[in-house]
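See below for the structure under consideration.
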């Protein structure tokens, strides 16, 4: 231990080596808690209540030290003590207000960065949706539209109505003429003009009709 002290002393006495700076151990405070406290004071000083209360206190100070008996006046005319109090208040209020403004600036910067990040994300989403909509439009250009399907269905319905009408006419015609025996098995089968089946009538039937 003694040798270490001697070595340190010799080192401090040498001129070819710089001295190590002595560090003062200052008390440290929580910057977040102190910042919140300063913001509270700055908000309180920036209200109408503070101005009204301060005006009332100063007016009472003036009246007491002017109208009260001389033995009871603690700050006679020229009000030196009041001037000192107001100077101390101003000297402390300015740094507290600056500290509160710095914290507000930091919050504004963080909010601005967050807004910028959200704007970038929204822009990317908008561009993606625009590309998707364009792709859907291109794909829909090759698909049958609603008007086309409606016209095709209407045409098919008209054709089915015409076919049903012709079928009803043929059935009525066969019912008025009666059953005809055609084929080798002697089955009664009505004549179907749609299928192109026109059975020939026998000579007896022609003579009977004549």
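The values are calculated or read from the model by the stated rules, or taken from the named source; none is laboratory data. Being a predicted model, the structure only gives us computed values, none of them experimental. In this analysis, Cβ positions are derived from the backbone assuming ideal geometry, glycine residues included, and neighbour counts consider all displayed protein chains.
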#### Entry: segment 63-91, subset within 58 Å of the chain's Cα centre (by Cα) and surrounded by 12 or more Cβ atoms within 10 Å (Cβ to Cβ), residue farthest from residue 41 (Cα to Cα)
81
### Task
Taking residue 170 as the residue in question, decide whether it is surrounded by 11 or more Cβ atoms within 10 Å (Cβ to Cβ), at pLDDT 75 or above and under 30 Å from residue 32 (Cα atoms).
no
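Listed here are the residues, each with its yes/no results for (1) at pLDDT below 65; (2) assigned to a helix (DSSP H, G or I); (3) surrounded by 10 or more Cβ atoms within 10 Å (Cβ to Cβ).
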residue	(1), (2), (3)
12	yes, yes, yes
22	no, no, no
37	no, yes, yes
40	no, yes, yes
43	no, yes, yes
### Task
Identify, from the list 92, 77, the residue that is outside any helix (DSSP H, G or I) and out of contact with any helix residue (DSSP H, G or I) (no Cβ under 6 Å at 6 or more places or on another chain).
77
